[in-house]
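**Student:** Would you mind keeping the following structure in view while I ask a few things?
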Amino acid sequence: MFKQKLQIGLALAFGLLISAVGCREKEAPLPDNLVQFESDNQGLSATASDITIKLKLTRATDRDIPLTVSLTPTGVDYGTDFTTTPAASSGSLSLTALSGSSEVSFTLTKVPGILLNGDEKIVFKIESSGSPVIIGTVNTFTLQLAEIISAGSTIDGDGGGATYGNKVFFDLSSNSQTAVQRTKWDLGFFSGNDWRVILNSSTAMMAKQIDKNDLNEVSDADTIGFSGDIIFNQFEPTVDALPYIDYPDGDLSKTAIAEVSATASDNKVYIVNRGKGIGSPAPDRGWKKIRIIRNSNGGYTLQHADINATSFTSVDIPKNTEYFFNYVSFENGSVTVEPQSTKWDIAWTYFSNVTDFGGGEVPYAFQDFIVQNRNVKVAKVLTADKSYETFSESDIAAQTFKSAQNSLGADWRSGGGPSSAPAVREDRYYIIKDSDQNYYKLKFTAMTKDGERGHVAFEFALVKSGQ
């Protein structure tokens, strides 16, 4: 009986049929497998102690591939001012892209107490690659040992392919990306003045409050009404499910979980449907029961358990204001997910959005969705009004900027549903205003690779510096 309820209740994830798109003819030759740096330059802030530098392959290799990367420092000395893992020898790093992988990385660490002037840099170059992998065009990477304001670049997002395994955070000014497995966390706890908690929308989570305060009194029987309320999919959507997701514009007054009250008895138990995991077919993540209260240390306390458990686990979550949200996994406790609040601008993800089929808004799972940070604003420009190439600082004032996290959303792409192939819209681009008042123009260039979705790509350029 519980299994039937579990199957019925997995609502939002039914909006996405995750599958690999397109098949390559067996006889068709594979394109060259290239290895190159993820980007061509990046900065390391004064407060950061280390950085991981990635080399990407076009596709996973079927054998171990040896790679040699040289390093040429300017203004700093290896061993005295910085080190690498693995260690360098005679000015070179020996790396191996392992069979089955499509990337390899190394870490640079600054020596504690190092004093820098801001013009120090290290240039890395891919010198050799084992056959059959060929060195690509982005074969040089410059690391500046100071924060930079990137003038622009091209970025291929590490989305994880057809199963959308990652949520990818992009920081335009540092020309960087951070890919995080989208099932790494369950709940996010707001660090600002409000006491709000968000669901992991990238797994299609849903939550419903019930009139109980004791987790141990809650069981699968309490899911019966919830299961019935949230039956919907792309063929049978219903507005009844809308209250059980966080509204996609990011307004914290419209979350599925009510504001956490200072009066503990006002904070009720929630039944949580964890949605779907990563895979094809995507596995069910099951049910949880949770209760959240404020603690005496100025943070949150999360109580959680499996749906039929007679005891629960407690996790204390402080308000770390370096981040907008601090995250918790039911399995692993507190986890790091998104970068610091000023260290990312937009993110690519699978997302719990809404759509209207004519009877009102209903929750609907979207692939290839772009969300923006809470301190970022976005404007859309149509190429019919102004070409991407000619857009300049003088054009900024005429734009209308929006701050809702779904302002860009799925507007950059078309299709992707049951009846149409996905494609990048070429008649538009976007102006991104980041938290440091830098303005970038950005246009998307791809959402597939070799016919497979889950591979976002874009180019961007600095229009106006905030400095």
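**Student:** Looking only at residues in the stretch 84-114 that are among the hydroxyl-bearing types (Ser, Thr, Tyr) and not in a strand (DSSP E or B), which one is farthest from Ala48 (Cα to Cα)? Outline the logic, then answer.
**Tutor:** First, pick out the residues of the stretch 84-114 that are among the hydroxyl-bearing types (Ser, Thr, Tyr): 84-85, 89-90, 92, 94, 96, 99, 101-102, 105, 107, 109.
Those still in the list that are not in a strand (DSSP E or B) too: 90, 99, 101-102.
Details: Ser90: 26, Ser99: 32, Ser101: 28, Ser102: 27 Å.
Among those that are among the hydroxyl-bearing types (Ser, Thr, Tyr) and not in a strand (DSSP E or B), it is Ser99.
**Student:** Within the stretch 384-425, which residues are in a loop (DSSP other than H, G, I, E, B) and farther than 24 Å from Ser173 by Cα?
**Tutor:** Ala384, Asp385, Gly415, Gly416, Gly417, Pro418, Ser419, Ser420, Ala421, Pro422, Arg425
**Student:** Which one is surrounded by the most Cβ atoms within 10 Å (Cβ to Cβ), of the residues in the stretch 283-308 that are small (Gly, Ala, Ser) and out of contact with any Leu (no Cβ under 9 Å at 6 or more places or on another chain)?
**Tutor:** First, the residues of the stretch 283-308 that are small (Gly, Ala, Ser): 286, 296, 298-299, 305.
With out of contact with any Leu (no Cβ under 9 Å at 6 or more places or on another chain) added as a condition, the list becomes 296, 298-299.
Details: Ser296: 7, Gly298: 8, Gly299: 16.
Checking each candidate, the answer is Gly299.
**Student:** Looking at this structure, is Gly192 in a loop (DSSP other than H, G, I, E, B), outside the structural domain of Lys56 (by TED's automatic domain parsing) and loosely packed, with under 15 Cβ neighbours inside 10 Å?
**Tutor:** Working: in a loop (DSSP other than H, G, I, E, B): yes; outside the structural domain of Lys56 (by TED's automatic domain parsing): yes; loosely packed, with under 15 Cβ neighbours inside 10 Å: yes.
Against the criterion (in a loop (DSSP other than H, G, I, E, B), outside the structural domain of Lys56 (by TED's automatic domain parsing) and loosely packed, with under 15 Cβ neighbours inside 10 Å), Gly192 qualifies.
**Student:** Next up: How many residues are closer than 18 Å to Asn273 by Cβ and without any contact (Cβ under 8 Å) to a residue 12 or more places away in the chain if we restrict to the stretch 187-211?
**Tutor:** Selection size over the stretch 187-211: 0.
**Student:** Quick test for you: out of Asn295, Asn273, pick the one residue that is among the polar types (S, T, N, Q) and modelled with pLDDT of 95 or more. Even if it seems obvious, please write down each step before you answer.
**Tutor:** Details: Asn273 fails: modelled with pLDDT of 95 or more.
After ruling out the rest, the residue left standing is Asn295.
**Student:** Consider Ser435 carefully, then state whether it is modelled with pLDDT of 90 or more, touching a strand residue (DSSP E or B) at 6+ places or on another chain (Cβ under 7 Å) and among the small types (Gly, Ala, Ser).
**Tutor:** no
**Student:** For Gln303, state whether it is modelled with pLDDT of 95 or more and assigned to a loop (DSSP other than H, G, I, E, B).
**Tutor:** Details: modelled with pLDDT of 95 or more: yes; assigned to a loop (DSSP other than H, G, I, E, B): no.
Criteria not met by Gln303.
**Student:** Any residue at all in the stretch 282-296 that is part of a loop (DSSP other than H, G, I, E, B), within 21 Å of Ala221 (Cβ to Cβ) and within 22 Å of the chain's Cα centre (by Cα)?
**Tutor:** yes
**Student:** Shifting gears a bit: For the stretch 262-276, check the following and say yes or no: at least one residue is part of a loop (DSSP other than H, G, I, E, B), touching a residue at least 12 places away in the same chain (Cβ under 8 Å), more than 19 Å from the chain's Cα centre (by Cα) and closer than 22 Å to Thr183 by Cβ.
**Tutor:** Narrowing the stretch 262-276 to residues part of a loop (DSSP other than H, G, I, E, B): 262-263, 267-269, 274-275.
Okay, now just the ones that are also touching a residue at least 12 places away in the same chain (Cβ under 8 Å), so 262, 267-269, 274-275.
Then drop every residue that is not more than 19 Å from the chain's Cα centre (by Cα), which leaves 262, 267-269.
In the following step, the residues that additionally are closer than 22 Å to Thr183 by Cβ were identified as none.
Scanning the stretch 262-276 turns up no residue that is part of a loop (DSSP other than H, G, I, E, B), touching a residue at least 12 places away in the same chain (Cβ under 8 Å), more than 19 Å from the chain's Cα centre (by Cα) and closer than 22 Å to Thr183 by Cβ.
**Student:** Quick check on my filter: what residues within the stretch 324-334 are over 9 Å from Asp186 (Cβ atoms) and either surrounded by fewer than 16 Cβ atoms within 10 Å (Cβ to Cβ) or among the basic types (Lys, Arg) (or both)?
**Tutor:** Going through the stretch 324-334, the residues over 9 Å from Asp186 (Cβ atoms) turn out to be 324-326, 332-334.
Those that are over 9 Å from Asp186 (Cβ atoms) and either surrounded by fewer than 16 Cβ atoms within 10 Å (Cβ to Cβ) or among the basic types (Lys, Arg) (or both): Asn332, Gly333.
**Student:** If you go through the stretch 51-69, how many residues are among the hydrophobic types (A, V, I, L, M, F, W, C), more than 15 Å from Ile135 (Cβ to Cβ) and not in a loop (DSSP other than H, G, I, E, B)?
**Tutor:** Our first condition is that a residue be among the hydrophobic types (A, V, I, L, M, F, W, C); within the stretch 51-69, this holds for 51, 53, 55, 57, 60, 65, 67, 69.
Applying the additional criterion that residues be more than 15 Å from Ile135 (Cβ to Cβ) yields 51, 53, 60.
Now restrict to residues that are not in a loop (DSSP other than H, G, I, E, B): 51, 53.
Counting residues in the stretch 51-69 that are among the hydrophobic types (A, V, I, L, M, F, W, C), more than 15 Å from Ile135 (Cβ to Cβ) and not in a loop (DSSP other than H, G, I, E, B) gives 2.
**Student:** Scan the stretch 115-133 and tell me whether some residue there is of a type in the set (A, V, I, L, M), part of a strand (DSSP E or B) and either touching a Cys at 6+ places or on another chain (Cβ under 9 Å) or within 20 Å of Asp32 (Cα to Cα) (or both). Explain how you work it out, then say what you get.
**Tutor:** First, pick out the residues of the stretch 115-133 that are of a type in the set (A, V, I, L, M): 115-116, 122-123, 126, 133.
Adding the requirement that they be part of a strand (DSSP E or B) leaves 122-123, 126.
Going one step further and asking which of them are either touching a Cys at 6+ places or on another chain (Cβ under 9 Å) or within 20 Å of Asp32 (Cα to Cα) (or both), we end up with 126.
Yes, because at least one residue in the stretch 115-133 is of a type in the set (A, V, I, L, M), part of a strand (DSSP E or B) and either touching a Cys at 6+ places or on another chain (Cβ under 9 Å) or within 20 Å of Asp32 (Cα to Cα) (or both).
**Student:** Residues of the stretch 320-374 being modelled with pLDDT under 90 and outside any strand (DSSP E or B), which ones?
**Tutor:** Phe357, Gly358, Gly359, Gly360
The values are calculated or read from the model by the stated rules, or taken from the named source; none is laboratory data. Note that the structure is a prediction, hence the values are computed from the model and not measured. FYI the Cβ positions are ideal-geometry reconstructions off the backbone, even for glycines, and counts take in every protein chain you see.
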